[in-house]
Amino acid sequence: MNRVFRSLKGEEMKAIVRLMGGLHALEPHGRNEVTVTAEGLTIQRVLERLSLPVNYVYLVLVNGGTAAIEHVLRDGDTVEVYPPICGG
Amino acid sequence: MNAGYGYTGKILLVDLSSGTIASETHDDVFYRTYLGGKGLVGYYLLREVPPRVDPLGPKNVLVFATGVLAGTNMPGFSRVVIGAKSPLTDGYGESEVGGSWGAELKRAGFDAIVIKGASSKPVYLEIVDGSARLVDASELWGLSTSDAEAEIARRVPKKPAVMSIGPAGERLVKFACIMQGDRNAAGRGGLGAVMGSKKLKAIAVSGSTKVKVKNPDGLSKVTSWFAQNFLKNAPSVALHEGGTAGLIPGLQAASMLPTKNFSRGRFDGWEGLAKLGQKWLYETKGRGCWACPIRCKRTFEVKDGSVKTINGMAACPEYETVASFGSNLCIDDPLTVLKANVYCNEMGLDTISAGVTIAFAMECVEKGLIDDGDLRRLEVKFGNASCVLPLLELITDRKGIGDLLAEGSMRAASRIGMGAEVFAMHVKGQELPMHDPRGKTGVGMGYALADYGADHMTAAHDPLFAKAGSYGLQTCAPLGLLEPVDPLSLNADKVRLYLYLEMWWDALKCLGACFFCVVPRGLLPVPMVVEAVAAGTGWDVSLWEIMKAGERAGCMARAFNTREGYGAERDQIPARLFESNGNYPGISKERFDAAIRQYYKMRGWDPVSGAPSRAKLDELGLYWVS
Ligand code: SF4
């Protein structure tokens, strides 16, 4: 199901997803940043749509604060997803 | 000597007191037992260093050792493990370094170099295709590492790879490092001071003999697979594009970015520092170690003359350096960090210990524990970027307050007294690297247990194993790590996870392998490591045998410290880590101590003293170790 939410004015609800720490290598088009029309979907669902292995994601930030992968996106959200943060 | 594949079978022995150079050979059994790298370091330190010698005296021994695949096309397997009794910890000291020197040494016909004694005047060691000589280095003494390297390169017909010390090592700064080229540092343990005490300025190596490989097709199967796949592997891509400095945003997001001498886990000025992992003011280029396509070592093209460059390029600081001169000092200016990095590399200072020792000084000033003309004049305090470079100069020159700080934070704290010890963030005298164990307790175990003092490279970090199906668990199933473990736990599952990961990394240290190239931190799967060793050496080797070599090397390091007269009492982390960092609660001391005791038991070590039992040493074939 490809739900696209529209506001009362008919505009698409947009969220930005940033793939951090090399995760973009796993996105089929290698994109660092993807704009999704996704209000009402969980982050997990959005990542699945982007064909990203959800198990590789360690940390999710929504608008700068940590969030669960079940978080439901809203218009204007900025999401950052990180792989496990390790040494070096 | 048995004709070896992979290894040359030859170890170079240099006595700087008498000026004699010899070599000894070993057979297949020896190499299958000690493997190389860390295993050879442990073997020679236990055999050659008498108990309780002065680490900066002539009786200390300095070992440089490669692994059995060094010099082949195997990406990331040409690292060098350097060891000696450490002036920082007064025990087993070890540091690893990349670059091309290890490959050159193998191609020059040696697996390792063992250096004894001390020269009466400055010398450097030159090794060209099987022959070695000591050369007067009086004119090089006092030069920076890159100037010394350039001068030596002019004198050797075929361009050598050079390990050298800078003025900090010559002046016996306790955390002086050994540099290979302008960006590869054997940073830890103060091994640069050991080299300085021996009046050995540098070791230049140039070799042109191809390393003999038993099954070249088998090895190139592994290397081509690596070349074809590393750009599909997230951790490798992150390193390829941003180097380790690319870790800043993630560690800030995870509240594990050491800030203000480890009192906090988040730094408001992190975005300034994150520029060092991006395409910033300057153009950047990736450079790498021998045969490695990841090329994670980034370089800035600096055009405005504000930083010393080599051919117009300056090495980008690694993550550790960015945090130790940045967030941990509350400094957000990337240019200060870049300059401090170049200065430390040129003078031969370990950037981790230097930064943490400066953080210690800043906190002592803040708490009113030290008052000194230099500290007042330079306005040494958290957040003041302008005091960093002048302080580093005082440390290198051992002038004024720099002479005290050149001793490292533990010794400086005990001289200052008045409770300054609690602000010295070290384990066994070696300063903490830039990972906050409050958010990943296995890293804290590594800090406490590392025989060479606090280090973040003893085992892969906990977050890789937090979730079922995670990359860590998928790739480490062959090690028997099958189920997720909470990054904050300290139960038996955590101890077992840490122990197996540590043995795996000790095995990789014996192979001279880069952790960024191998699972779970990188791409190369466990079975392919075994396949590559088998192809290189011709041995019918198994994962069991390789893991046992790792366990043996870890045991030898511990046995060295037992012989020096210490054990469990020094496996302690700084008390500050038992307090909150503002986001994570402090680690529970009681649970932490229990986990450390359980680790000893799981390893077959004495649960009270932490010393390897006789039975464990015998099981590992270390009958000769007392
Ligand atoms: S990943 Fe980086 S440090 Fe490791 S071998 Fe490759 S270039 Fe060197």
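The values are calculated or read from the model by the stated rules, or taken from the named source; none is laboratory data. Not measured: the values here are computed from a predicted model. Note that we place each Cβ from the backbone using ideal geometry, even for glycine, and neighbour counts take in every protein chain shown.
Side notes on the structure shown:
- Among strands (runs of 3 or more DSSP E) entirely within the range A:19-88, having at least 1 residues that are under 26 Å from B:HIS435 (Cβ atoms) and in contact with a helix residue (DSSP H, G or I) (Cβ under 7 Å, 6 or more places away or on another chain) singles out A:59-62, A:78-82.
- Residue check: B:ARG188 meets all listed conditions (1) over 20 Å from B:ALA291 (Cα atoms); (2) away from chain A (no Cβ under 14 Å); (3) surrounded by 23 or more Cβ atoms within 10 Å (Cβ to Cβ) but one, namely (2).
- Of all residues in the range B:199-221, none satisfies being closer than 24 Å to B:PRO75 by Cβ and within 14 Å of chain A (Cβ to nearest Cβ).
- Any hit, the range B:303-325, residues being in contact with a strand residue (DSSP E or B) (Cβ under 9 Å, 6 or more places away or on another chain), within 19 Å of B:THR244 (Cβ to Cβ) and of a type in the set (D, E, K, R): yes
- Test: residue in the range B:224-234 that is within 30 Å of B:ALA274 (Cα to Cα), more than 9 Å from every other protein chain (Cβ to nearest Cβ), crowded, with 24+ Cβ neighbours inside 10 Å and among the hydrophobic types (A, V, I, L, M, F, W, C): yes
- In the range B:456-474, the residues that are in contact (Cβ under 8 Å) with a residue 12 or more places away in the chain and surrounded by fewer than 24 Cβ atoms within 10 Å (Cβ to Cβ): B:HIS456, B:MET457, B:ALA466, B:LYS467, B:ALA468, B:SER470, B:TYR471
- Members of the range B:246-272 that are more than 8 Å from chain A (Cβ to nearest Cβ) and either of a type in the set (Val, Ile, Thr) or in contact with a strand residue (DSSP E or B) (Cβ under 7 Å, 6 or more places away or on another chain) (or both): B:ILE248, B:THR259, B:GLY265, B:ARG266, B:PHE267
- Verdict on B:GLY37 being within 16 Å of the ligand (Cβ to nearest atom) and more than 14 Å from chain A (Cβ to nearest Cβ): yes
- Residues of the range B:211-254 satisfying the condition of being modelled with pLDDT under 95 and more than 16 Å from the ligand (Cβ to nearest atom): B:ILE248, B:PRO249, B:GLY250, B:LEU251, B:GLN252, B:ALA253, B:ALA254
- Scanning the range B:429-444 for residues that are charged (D, E, K, R) and facing chain A (nearest Cβ under 9 Å) yields one hit, B:LYS440.
- Matching residues, the range A:57-83, being of a type outside the set (A, V, I, L, M) and touching a residue at least 24 places away in the same chain (Cβ under 8 Å): A:TYR58, A:GLU70, A:HIS71, A:ARG74, A:ASP75, A:GLY76, A:ASP77, A:THR78, A:GLU80, A:TYR82, A:PRO83
Residue by residue, here is whether (1) within 16 Å of the ligand (Cβ to nearest atom); (2) not in a loop (DSSP other than H, G, I, E, B) holds:
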site: B:THR458; (1), (2): no, no
site: B:LYS467; (1), (2): no, no
site: B:LEU481; (1), (2): no, no
site: B:ASP493; (1), (2): no, yes
site: B:ALA507; (1), (2): no, yes
site: B:ARG521; (1), (2): yes, no
site: B:GLU531; (1), (2): no, yes
site: B:ALA535; (1), (2): no, yes
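- Pairing residues of the range B:590-609 that are surrounded by fewer than 17 Cβ atoms within 10 Å (Cβ to Cβ) with residues that are among the basic types (Lys, Arg), at Cβ distances under 9 Å and at least 6 apart in sequence or on separate chains, gives B:MET602/B:ARG496; B:GLY604/B:LYS616; B:PRO607/B:ARG597; B:PRO607/B:LYS601; B:VAL608/B:ARG597.
- Condition check for B:VAL388: surrounded by 22 or more Cβ atoms within 10 Å (Cβ to Cβ) and at pLDDT 95 or above: yes
- B:GLY99 farther than 18 Å from B:LEU12 by Cα and surrounded by 20 or more Cβ atoms within 10 Å (Cβ to Cβ): yes
- Contact map, the range B:506-523: residues that are under 19 Å from B:ALA65 (Cβ atoms) and not assigned by TED's automatic domain parsing to the domain that holds B:GLY83 paired with residues that are of a type in the set (Ser, Thr, Tyr) and away from the ligand (no atom under 12 Å from the Cβ), Cβ distance under 9 Å, separation 6+ or inter-chain. Pairs shown: B:ASP506/B:THR458; B:CYS510/B:TYR34; B:GLY512/B:THR66.
- Considering the range B:301-322, the residues that are of a type in the set (Asp, Glu) and within 14 Å of chain A (Cβ to nearest Cβ) include one that is nearest to the ligand (Cβ to nearest atom), namely B:GLU318.
- Each residue in the range B:467-491 was checked for being within 11 Å of chain A (Cβ to nearest Cβ) and touching a Gly at 6+ places or on another chain (Cβ under 8 Å), and 1 of them qualify.
- Pair list, Cβ under 6 Å, 6 or more apart: the range B:233-253 residue touching a residue at least 12 places away in the same chain (Cβ under 8 Å) and within 15 Å of B:CYS292 (Cα to Cα), other residue of a type in the set (D, E, K, R) and within 14 Å of the ligand (Cβ to nearest atom): B:GLY243/B:ARG298
- Candidates are the residues of the range B:273-300 that are surrounded by fewer than 24 Cβ atoms within 10 Å (Cβ to Cβ) and within 12 Å of chain A (Cβ to nearest Cβ); the one that is modelled with the highest pLDDT is B:ALA274.
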